[in-house]
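Notes follow the structure.
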Amino acid sequence: MPAPQLPPDASLQSVRDDLVFTIARAGADPAAADVAPPLQALVDAWGAVVDRQLTLWDAQTRADALVAAADDRLDALVDRLSPALLILADQKRTDARYTLYFSVKPSELKRPVLGPQLETIRGWLTHLAAETDPTLKALAKDFQAAVKQAGDAVKARRSADADNDQFRAKGALAKYLDEVRKTRDAVYATLDARPAQQSALPRAFASGFFRHRKPAAASEAAKAARAEKRAADSAAAAARKQAVIEAKAKVTEAQKALRALAK
């Protein structure tokens, strides 16, 4: 039989707690003390896995900070470009030179954090390179540098996310958790077989060495969803009942009409 399963979303700390619980519980019983070493090996390996996870999370956080910095820089340049273009367009936002850059309002363009904003501004570089106005020529250089910074930031974030996904899906964390599962199951099977070998032990001997968790309480959202479903089901049932009543009434009326015609 397998050991009681750990929650699928169990944190590394809760995994460690389960291991330590079983180690301590086994150590307190002479009939189970020998199963502790493989579990202790997992506790000893835990720190390296946690350190790697923290390193990957830090990389994601740093990447997010770089994205935010690049976004702020582009937003500031947008705020400089718009008035510079309006001066050249006599403050007409419908001027072709202005709409070449701003098909949407500057405030709308700045709203996303990079993403579509970056792609739009990257497309401006060709237009800015062809400008002859000194202010726009200066802005062209600033935009070129800012777009490179933003592109590098986006790549860093994607790389950090990919590294973390790999670590959790197929890398060291996935392998560690798989080893935890296999080791706990093996320990449970070993302990579960002992009552047959030692008649003084209770049949549920193995069960006592593992934590048993109550099912998680339903969240408020889940409760609300169930309540809405019950209400919807009730309304549907009432509608069906009313439809049957109306159908029977129509049949009765039709039968009366037929009898009247037969007279």
Cross-chain or 6+ apart pairs with Cβ under 8 Å, region 131-144 first and free of Cβ contacts under 8 Å to residues at least 24 places away in the same chain and hydrophobic (A, V, I, L, M, F, W, C), then open to solvent by 20 Å² or more (accessible area, probe 1.4 Å) and in a helix (DSSP H, G or I): A140/L125; A140/A129
A careful count of residues in region 18-63 that are over 30 Å from V113 (Cβ atoms) and basic (K, R) gives 1
Looking only at region 9-20, how many residues end up being open to solvent by 70 Å² or more (accessible area, probe 1.4 Å) and farther than 10 Å from W46 by Cα? 1
Can you run down the residue pairs with Cβ atoms below 7 Å, 6 or more apart or on separate chains, where the first is in region 104-119 and touching a residue at least 60 places away in the same chain (Cβ under 8 Å) and the partner is of a type in the set (D, E) and assigned to a helix (DSSP H, G or I)? none
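Every residue, every condition in (1) under 27 Å from A193 (Cα atoms); (2) under 27 Å from the mean Cα position of the chain (by Cα); (3) of a type in the set (A, V, I, L, M, F, W, C); (4) in a loop (DSSP other than H, G, I, E, B), yes or no:
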residue: T22; (1), (2), (3), (4): yes, no, no, no
residue: D34; (1), (2), (3), (4): yes, no, no, no
residue: P37; (1), (2), (3), (4): yes, no, no, no
residue: L42; (1), (2), (3), (4): yes, no, yes, no
residue: G47; (1), (2), (3), (4): no, yes, no, no
residue: V50; (1), (2), (3), (4): no, yes, yes, no
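Name the residues in region 61-82 that are in contact with a helix residue (DSSP H, G or I) (Cβ under 8 Å, 6 or more places away or on another chain), surrounded by fewer than 17 Cβ atoms within 10 Å (Cβ to Cβ) and not basic (K, R), would you?
Step one: filter region 61-82 for residues in contact with a helix residue (DSSP H, G or I) (Cβ under 8 Å, 6 or more places away or on another chain), giving 62-64, 66-67, 69-71, 73-75, 77-82.
Retained after the next criterion (residues that are surrounded by fewer than 17 Cβ atoms within 10 Å (Cβ to Cβ)): 62, 64, 69, 79-80.
Passing the criteria: D64, A69, D79.
Do we have K148 as in contact with a Leu (Cβ under 8 Å, 6 or more places away or on another chain), free of Cβ contacts under 8 Å to residues at least 12 places away in the same chain and open to solvent by 70 Å² or more (accessible area, probe 1.4 Å) here? Please lay out each step first, then the result.
Working: in contact with a Leu (Cβ under 8 Å, 6 or more places away or on another chain): no; free of Cβ contacts under 8 Å to residues at least 12 places away in the same chain: yes; open to solvent by 70 Å² or more (accessible area, probe 1.4 Å): yes.
Judged against the criteria, K148 is not a match.
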Which condition breaks for P30 when tested against (1) part of a helix (DSSP H, G or I); (2) within 30 Å of Q197 (Cα to Cα); (3) open to solvent by 50 Å² or more (accessible area, probe 1.4 Å)? (1)
I'm checking my understanding of the structure. Among residues of region 17-65 that are among the polar types (S, T, N, Q) and in contact with a Phe, Trp or Tyr (Cβ under 8 Å, 6 or more places away or on another chain), which one is farthest from F205 (Cα to Cα)? Q53
Inspect all residues belonging to region 83-96 and state whether any of them is open to solvent by 10 Å² or more (accessible area, probe 1.4 Å) and within 39 Å of the chain's Cα centre (by Cα). no
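Among the listed residues L128, L177, L139, identify the single one that is in contact with a Phe, Trp or Tyr (Cβ under 9 Å, 6 or more places away or on another chain), crowded, with 16+ Cβ neighbours inside 10 Å and either under 24 Å from D44 (Cα atoms) or not hydroxyl-bearing (S, T, Y) (or both).
Values: L177 fails: in contact with a Phe, Trp or Tyr (Cβ under 9 Å, 6 or more places away or on another chain); L139 fails: in contact with a Phe, Trp or Tyr (Cβ under 9 Å, 6 or more places away or on another chain).
The conditions single out L128.
Can you name every residue in region 55-91 that is among the β-branched types (V, I, T) and farther than 15 Å from K105 by Cα?
T55, T61, V67, I87
The values are calculated or read from the model by the stated rules, or taken from the named source; none is laboratory data. Everything numeric here is computed off the predicted structure, so don't read it as measured data. In this analysis, Cβ positions are derived from the backbone assuming ideal geometry, glycine residues included, and neighbour counts consider all displayed protein chains. Only protein heavy atoms, including side chains, enter the accessible area calculation; ligands, DNA and RNA are left aside. Shrake-Rupley method; radii C 1.70, N 1.55, O 1.52, S 1.80 Å.
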